[in-house]
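Read the structure below first, then the notes.
The values are calculated or read from the model by the stated rules, or taken from the named source; none is laboratory data. Since this is a predicted model, take the numbers as computed values, not measurements. Don't worry about glycine lacking a Cβ; one is built from the backbone with ideal geometry, like all the others, and counts go over all protein chains shown.
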Number of protein chains: 2
Amino acid sequence: MNTPRASGLLASELAAVTLGVSGLDTGLQRNGATVLHLDWQPPGNDDPGVAWDLARATHDRSTDGKSLGFAIDRANAEAVGRVLQAEPTWVDVALAAREIWPAMGRTLLHAGPPISWAEMCGPMRGAIIGAILYENWATTADEAKKLAGSGEVRFAPCHEWGAVGPMCGIISPSMPLVVVENRVHGTRAFAPFMEAGGARTLRFGAFGDDVSSGLKWIERVLAPTLKTAVTAMDGGLPLKPIMAQALHMSDDVHNRNTAATLMLLRYVAEALIRPGMRKDLVAETLGTLRSDDMFFLSFSMAACKATMDAAHGVRFSSMVTAMARNGVNVGIRVSGLDNEWFIGRADVPVGLYLPGFSEKQANPDIGDSAITETSGLGAFAMAAAPAMVQFVGGTPQDALRYSREMARVTITRNPGFTLPALDFVGSPVGIDIRKVIDEGMRPVINTAIAHKEPGMGIIGAGIVQAPMQCFTTALQTLVAKYAAFE
Amino acid sequence: MNTPRASGLLASELAAVTLGVSGLDTGLQRNGATVLHLDWQPPGNDDPGVAWDLARATHDRSTDGKSLGFAIDRANAEAVGRVLQAEPTWVDVALAAREIWPAMGRTLLHAGPPISWAEMCGPMRGAIIGAILYENWATTADEAKKLAGSGEVRFAPCHEWGAVGPMCGIISPSMPLVVVENRVHGTRAFAPFMEAGGARTLRFGAFGDDVSSGLKWIERVLAPTLKTAVTAMDGGLPLKPIMAQALHMSDDVHNRNTAATLMLLRYVAEALIRPGMRKDLVAETLGTLRSDDMFFLSFSMAACKATMDAAHGVRFSSMVTAMARNGVNVGIRVSGLDNEWFIGRADVPVGLYLPGFSEKQANPDIGDSAITETSGLGAFAMAAAPAMVQFVGGTPQDALRYSREMARVTITRNPGFTLPALDFVGSPVGIDIRKVIDEGMRPVINTAIAHKEPGMGIIGAGIVQAPMQCFTTALQTLVAKYAAFE
């Protein structure tokens, strides 16, 4: 009974698993075989050069531990270690030009990677006009538009100035900013306050007298009151415990900040009762914290930025330290690749729209708030925030799935940020560009959606993924830069 | 080929499903049959009388809709409807004897069904001694003990006075109480404030100068400050929106009140900024709300009591309107059965103990806080609060399971209290004694655990179930009372 193996195989019922190109199945199916087709494609976006670089950066390891793959692993351990150790602390409220960047001049900072006035999307143009009006550099929208295009106003990404801004992310010289210091590594980060007023806010691309007066109110009432509060807190307010607790209270600290804002209010209220503050200012400030469930986002973003900046600049590291969108492009920065941006086209988020709006009016993905995902929070921690699917769409099971899937593209889990619904496992943290390419899985981001025309504001919220192009270009640059050091 | 059916059955391989008594399997197994044994027992705790009453109250329905089963169904729809419609609102802080019950005299209210001094468990005796010392009816613990046993102090269940108290649940004449009014049905309920101080509190059975001075602080600082706050809130503070939102922030508003307490603090802080309050008293009050994550429990319990009292007294209804424990017995009250208590022996909860303690030192289940479960919250809503398993034990999957299982013993789901992790389904509400017996599934309660000796305080937290005896006795009474009206 010495039957050759192949014939034995063909004698019984035929079943096959096919990978990739689906045409392979047809011949088998025609011959009556049961076929399970797996939707697989080789890593690297169909580019053999990327696949080769991935192999060099990952699998091509010598046994003496001296290969590029090992060097990157070691560097990533160092980089993500700094993320885990960081202790972001709210220490101050300071004015952009007067107290933080004295040489700011006529600079406007914006969200995402660098972009010129000519290339900017509608809402960012609207926000630039709004900022120029707020700064009194022009008195009408037309004048402001002309000035913006004249070359007399300098534009720069928030990220390059140690700052982060939500949505359009405009920071102008007169703005008071939240100042967060990472007590362990000394990095400082800045973020503008959340304006009250919903759609009619600078961050969503609105401009005009109401927007300017909202920003002036922040200067006049909110900022000095909160500066008094944080000054009264001896040594500032550690933000990591608040964020960790917020994850246990159904926040993801990106698009859900309900619990974190309440905790912030608790500390601020207590701090403000003690010194001799003007009661009307205190009441107005507490009223804002009470009515805006997203108020903590500025603190969360600045905390994540102060954390990720500490992990930037680790030679060989393939860990993403910034992921930011300007409404046209998404850019990432990688720890081992200096201050270079790796760019891909921004997608329109998939989500829930306010009545009367649809993806037709939606601007592509915008804002620096993806610093939360970069830092292992936001959509990466969405298992903590099932109630958020009422805002961004999907089901509570999707929220669990994002947190599970992102573990496949990250370096480790953060034991300081645990997810109750997943048996208290740590949130996945430290995006490794190699894993993103190898898994063919792009990092997920939850986000508000802006109208693509200036001045229209928020029209929905949803889920979006960073473009693969950012990661493939970054990998090629990483391999080119460090291959010589192998 | 006209084979008789039975022989055909026996000719093939034999497989059987057996129910109940396990001895039935052995003969089958000996003959080589595959046996699946289901652990089932007839409803009614092995009592054929109960099973018969259950049949009369449930299945014995005439086609003209006039049977007892239909009458009970209709009554339950009315009773649970009142629960869904209730609008509990925090309206006042009032002194027990001076403002609420002028004829209170030397009465001490306690948790659970009625009990005499001689029968009371250790911690409740401790709390009675503590209350007598706090009231200055005696100056030493020995004197207090003697007075308690003398008959000169009257004991009564909180529930019978429209009140609820956590753990030992002692309410004495000098205590200020939270006053909650159900705006729809006009019912009012009262609960004592949560004392600061952890283990050394009256509610856990402690007594002595520190306990008395904690209670005096509530009289002197907390109560007048909160009375000012609630008075400043025009029309009081609606509690249902806070509780509903808290379920979306990982509270169950029984043993986890972190989010609800923060929301309460938010409203209180804002209310206190406006009137000309003494800053030191405001600061102390906010400090307490900040440091005690369970502070809202008094409000939650009073809200549930004001809700369930509105659903009490519906003729024919088999819905439970109170479920309360005195540390010896668990008692339930049923909407259609006047003010009668149906009693069973209290179990020791299964849970997590503080270092150095175990179930050996644990007092059986105690407290009126199971009014939250009675009202469809607490363990019934535990799917909302996965993080709580760190306190009561078990896994996040257990939390989901409790909310799913309790739907089998309740009348409906509450669309006002939704559970994000279960796709926003409403929390199960309205315990039907018929379903408890029919399913053989006792209502689940999450609870703190007190030391069985007086004065020792909290030693853990866990999960416990109400005894079946309460439900079977109540059912027999219900059928006896209403069978004549069929």
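Only a single criterion out of (1) within 14 Å of chain A (Cβ to nearest Cβ); (2) under 13 Å from the mean Cα position of the chain (by Cα) is not satisfied by B:G367, namely (1). Can you tell me which residues in segment A:381-398 are under 14 Å from A:D293 (Cβ atoms) and at the interface with another protein chain (Cβ under 8 Å from one of its Cβ atoms)? Hits for segment A:381-398 are A:A387, A:Q390.
All of (1) small (G, A, S); (2) under 22 Å from the mean Cα position of the chain (by Cα); (3) under 25 Å from A:R188 (Cβ atoms); (4) within 14 Å of another protein chain (Cβ to nearest Cβ) hold for A:A271 with one exception: (2).
Among the residues of segment B:274-285, are any under 28 Å from B:H110 (Cα atoms) and facing chain A (nearest Cβ under 10 Å)? Within segment B:274-285 (the criterion being under 28 Å from B:H110 (Cα atoms) and facing chain A (nearest Cβ under 10 Å)), the answer is yes, since at least one residue qualifies.
Among the residues of segment B:219-240, those that are surrounded by fewer than 18 Cβ atoms within 10 Å (Cβ to Cβ) and either within 13 Å of another protein chain (Cβ to nearest Cβ) or closer than 22 Å to A:Q245 by Cα (or both) comprise B:A232, B:M233. Among the residues examined, B:V348 qualifies as surrounded by fewer than 18 Cβ atoms within 10 Å (Cβ to Cβ), of a type in the set (V, I, T) and under 24 Å from B:I128 (Cβ atoms). Being more than 14 Å from every other protein chain (Cβ to nearest Cβ), closer than 20 Å to A:I72 by Cα, of a type in the set (A, V, I, L, M) and out of contact with any strand residue (DSSP E or B) (no Cβ under 9 Å at 6 or more places or on another chain): is that true of A:A407 here? It is false that A:A407 is more than 14 Å from every other protein chain (Cβ to nearest Cβ), closer than 20 Å to A:I72 by Cα, of a type in the set (A, V, I, L, M) and out of contact with any strand residue (DSSP E or B) (no Cβ under 9 Å at 6 or more places or on another chain). Of the helices (runs of 4 or more DSSP H) lying entirely inside segment A:377-486, those carrying at least 3 residues that are at pLDDT 95 or above, surrounded by fewer than 23 Cβ atoms within 10 Å (Cβ to Cβ) and at negative phi are A:396-406, A:468-482. Only residues that are surrounded by fewer than 21 Cβ atoms within 10 Å (Cβ to Cβ) and within 12 Å of another protein chain (Cβ to nearest Cβ) were counted in segment B:293-311, giving 1. Among the conditions (1) outside any helix (DSSP H, G or I); (2) touching an Asp or Glu at 6+ places or on another chain (Cβ under 8 Å); (3) among the charged types (D, E, K, R), B:K227 misses just one, which is (1). If the condition is being outside any loop (DSSP other than H, G, I, E, B), within 14 Å of another protein chain (Cβ to nearest Cβ) and crowded, with 21+ Cβ neighbours inside 10 Å, then segment B:241-250 contributes B:I242, B:A246, B:L247. The residues of segment B:74-90 that are crowded, with 22+ Cβ neighbours inside 10 Å and out of contact with any Leu (no Cβ under 7 Å at 6 or more places or on another chain), listed by number, are B:N76, B:A79, B:V80, B:R82, B:V83, B:A86.
Residues that are touching a helix residue (DSSP H, G or I) at 6+ places or on another chain (Cβ under 9 Å) and modelled with pLDDT under 65 within segment A:1-38 comprise just one, A:T3. One residue is enough: does segment B:216-227 have a residue meeting the conditions within 20 Å of B:W101 (Cβ to Cβ) and β-branched (V, I, T)? Taking every residue of segment B:216-227 in turn, at least one turns out to be within 20 Å of B:W101 (Cβ to Cβ) and β-branched (V, I, T).
Could you please let me know if B:A269 is at pLDDT 95 or above and either farther than 30 Å from A:S250 by Cα or surrounded by 19 or more Cβ atoms within 10 Å (Cβ to Cβ) (or both)? No; evaluated as a whole, the condition is false for this residue. When A:G336, A:G367 are checked against the criterion of being within 22 Å of A:M388 (Cβ to Cβ), touching a Ser or Thr at 6+ places or on another chain (Cβ under 8 Å), touching a residue at least 40 places away in the same chain (Cβ under 8 Å) and surrounded by 17 or more Cβ atoms within 10 Å (Cβ to Cβ), a single residue qualifies: A:G367. On inspection, B:S358 fails the criterion of being farther than 21 Å from B:Y402 by Cα and touching a residue at least 12 places away in the same chain (Cβ under 8 Å). Does A:S318 fit the bill of being crowded, with 24+ Cβ neighbours inside 10 Å, farther than 22 Å from A:D252 by Cβ and either of a type in the set (S, T, Y) or away from every other protein chain (no Cβ under 14 Å) (or both)? It is true that A:S318 is crowded, with 24+ Cβ neighbours inside 10 Å, farther than 22 Å from A:D252 by Cβ and either of a type in the set (S, T, Y) or away from every other protein chain (no Cβ under 14 Å) (or both). Here A:V253 meets each of (1) away from chain B (no Cβ under 14 Å); (2) modelled with pLDDT of 95 or more with one exception, condition (1). Highlighted here are the strands (runs of 3 or more DSSP E) found entirely within segment A:99-218 that include at least 1 residues which are surrounded by fewer than 24 Cβ atoms within 10 Å (Cβ to Cβ) and of a type in the set (K, R): A:154-157, A:188-192.
Of the residues in segment A:138-166, how many are of a type in the set (A, V, I, L, M, F, W, C) and touching a Ser or Thr at 6+ places or on another chain (Cβ under 9 Å)? Before you say what the answer is, go through the steps one by one.
Of segment A:138-166, the ones of a type in the set (A, V, I, L, M, F, W, C) are A:138, A:141, A:144, A:147-148, A:153, A:155-156, A:158, A:161, A:163-164.
If we keep only those that are touching a Ser or Thr at 6+ places or on another chain (Cβ under 9 Å) as well, we get A:153, A:155-156, A:161, A:164.
So the answer is 5.
What's the number of the condition B:T261 fails, among (1) touching a Lys or Arg at 6+ places or on another chain (Cβ under 9 Å); (2) away from chain A (no Cβ under 13 Å); (3) crowded, with 22+ Cβ neighbours inside 10 Å? Looking at each condition in turn, B:T261 falls short on (2).
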